[in-house]
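Okay, so here's the structure we're looking at.
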Amino acid sequence: MDSKKDYYILGIESSCDETAAAVVKNGREVLSNIISSQIDIHTLYGGVVPEIASRKHIERINQVVDEALKEAGMKPEEFDAVGVTYGPGLVGPLLIGVSFAKAFSYAANVPLVGVNHIEGHISANFIENPELEPPFLCLVVSGGHTHLVRVNDYGKYEILGMTQDDAAGEAFDKVARAIGLGYPGGPKIDKVSKEGDPDAIHFPRAHVGDSEYDFSFSGLKSAVLNYLNSMEMKHEEIVQADVAASFQKAVVDVLVQNSMKALDRYGDKTFAIAGGVASNSALRAAMKKACAERNIRFCHPSPVLCTDNAAMIGAAAYYDFMAGCRAGLDLNAVPNLRLGER
Ligand code: KG4
Ligand code: ZN
């Protein structure tokens, strides 16, 4: 391939409740990043309703892609590839993005690349850290995933540990609902925790599973629910900010401990975080401190690139494309797609 050529990728993301399209140049430079969030609608139901999400993706995808092209000053035929999330995620929402990308690929005669959503989250780190190169260690913490991953090379992942039950973001969302903060829980707990005492209540830090790097958050969620029930039975006042801050600290402690254990074991000099929960201010501060103590470089995407977006899909698609990955028009949504699987 001509090394001087610039590569333009259209990224498309629709795996959950964000309809997103972005134009990414050479895997690192974002020319446009359009995100249409459905949070307002799903908030009414206290969580994502898959049927509604699918319908909204259909309504919005044309407009979102048009806007991404317009902002980047690109025509469909000018792309080197269209990259689309085909899993993991909700099957209905995924199918909208996949169908759109197939039609785009066929109509504009540009190659199609299927992208793993978790790989997308990890790749968000390439966008604002131009000198970041594998190998490095990455903690992916989102609403659906909690993975500690060694990125051995572009597109080459080794999963060191993962959650055995709830994802970190899921725990944030469930606890937020229990203490009356509503959906989406993560950003609300993050905010209210700033007013609370993280040492007010001691919640358990679970270490379970086959691997010493695995996570478990369902016990912590139950501990918070038990605490709320027992306080209610005793007619004692529940301090929302203290519960939020203490819960958040319990999550952050485990995420930091497992990540640092893996860093010590694998000797990596660079550590990255990714996914919606990676925008959590307490997690960022704790990881920054722990990495500084070990002289390890700490990377994290801006909040807008932590939560679901298509720029990260464009970045991941670029490296998949350069490695020769191409999808056919028979590409299907794979709701349970694992990292590293094709
Ligand atoms: O990556 P993402 O947008 O979607 C998935 O792929 O799951 O992550 C969404 C999750 C939600 O659970 C949300 O509550 C959580 O990320 N989240 C946060 C914060 N911002 C979003 N969790 C903790 N603190 C935050 N600031
Ligand atoms: Zn995500």
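The values are calculated or read from the model by the stated rules, or taken from the named source; none is laboratory data. None of these values were measured; they are calculated from a predicted model. Counting neighbours? That spans all protein chains shown, and the Cβs are built from the backbone with ideal geometry, glycine included.
Within segment 128-138, identify whether any single residue is within 12 Å of ligand 2 (Cβ to nearest atom), of a type in the set (Asp, Glu), farther than 30 Å from Val224 by Cα and touching a residue at least 24 places away in the same chain (Cβ under 8 Å), and answer yes or no.
Within segment 128-138 (the criterion being within 12 Å of ligand 2 (Cβ to nearest atom), of a type in the set (Asp, Glu), farther than 30 Å from Val224 by Cα and touching a residue at least 24 places away in the same chain (Cβ under 8 Å)), the answer is no, since none of the residues qualifies.
Do you know which residues across segment 295-319 are within 22 Å of Glu158 (Cβ to Cβ) and touching a Lys or Arg at 6+ places or on another chain (Cβ under 9 Å)?
Across segment 295-319, the qualifying residues are Ile296, Arg297, Phe298, His300, Ala315, Tyr318.
Being within 22 Å of Leu94 (Cβ to Cβ) and either at pLDDT 95 or above or touching a Phe, Trp or Tyr at 6+ places or on another chain (Cβ under 8 Å) (or both) narrows it down to one residue among Leu10, Leu31; which is it?
Exactly one of Leu10, Leu31 is within 22 Å of Leu94 (Cβ to Cβ) and either at pLDDT 95 or above or touching a Phe, Trp or Tyr at 6+ places or on another chain (Cβ under 8 Å) (or both), namely Leu10.
Which residues, taken from segment 188-210, are over 22 Å from the mean Cα position of the chain (by Cα) and of a type in the set (Gly, Ala, Ser)?
Selection gives Gly196, Ala200, Ala206, Gly209.
Tell me whether segment 82-96 contains one or more residues that are away from ligand 2 (no atom under 16 Å from the Cβ), over 21 Å from the mean Cα position of the chain (by Cα) and over 20 Å from Thr307 (Cα atoms).
Checking segment 82-96: not a single residue is away from ligand 2 (no atom under 16 Å from the Cβ), over 21 Å from the mean Cα position of the chain (by Cα) and over 20 Å from Thr307 (Cα atoms).
For Ser32, work out the one condition from (1) touching an Asp or Glu at 6+ places or on another chain (Cβ under 7 Å); (2) within 16 Å of ligand 2 (Cβ to nearest atom); (3) assigned to a strand (DSSP E or B) it doesn't fulfil.
Only one criterion is unmet by Ser32, namely (2).
Go through segment 286-338 and count every residue that is in a loop (DSSP other than H, G, I, E, B), touching a strand residue (DSSP E or B) at 6+ places or on another chain (Cβ under 6 Å) and closer than 26 Å to Ser32 by Cα.
Selection size over segment 286-338: 7.
Look through segment 139-160, keep the residues that are within 16 Å of ligand 2 (Cβ to nearest atom) and polar (S, T, N, Q), and return whichever of them is surrounded by the most Cβ atoms within 10 Å (Cβ to Cβ).
That would be Thr146.
If Asn33 satisfies all but one of (1) more than 19 Å from Thr85 (Cα to Cα); (2) within 16 Å of ligand 1 (Cβ to nearest atom), what's the number of the condition it fails?
The number of the failed condition is (1).
Can you tell me how many residues in segment 210-256 are part of a loop (DSSP other than H, G, I, E, B), of a type outside the set (Asp, Glu) and free of Cβ contacts under 8 Å to residues at least 24 places away in the same chain?
Total meeting the criteria: 2.
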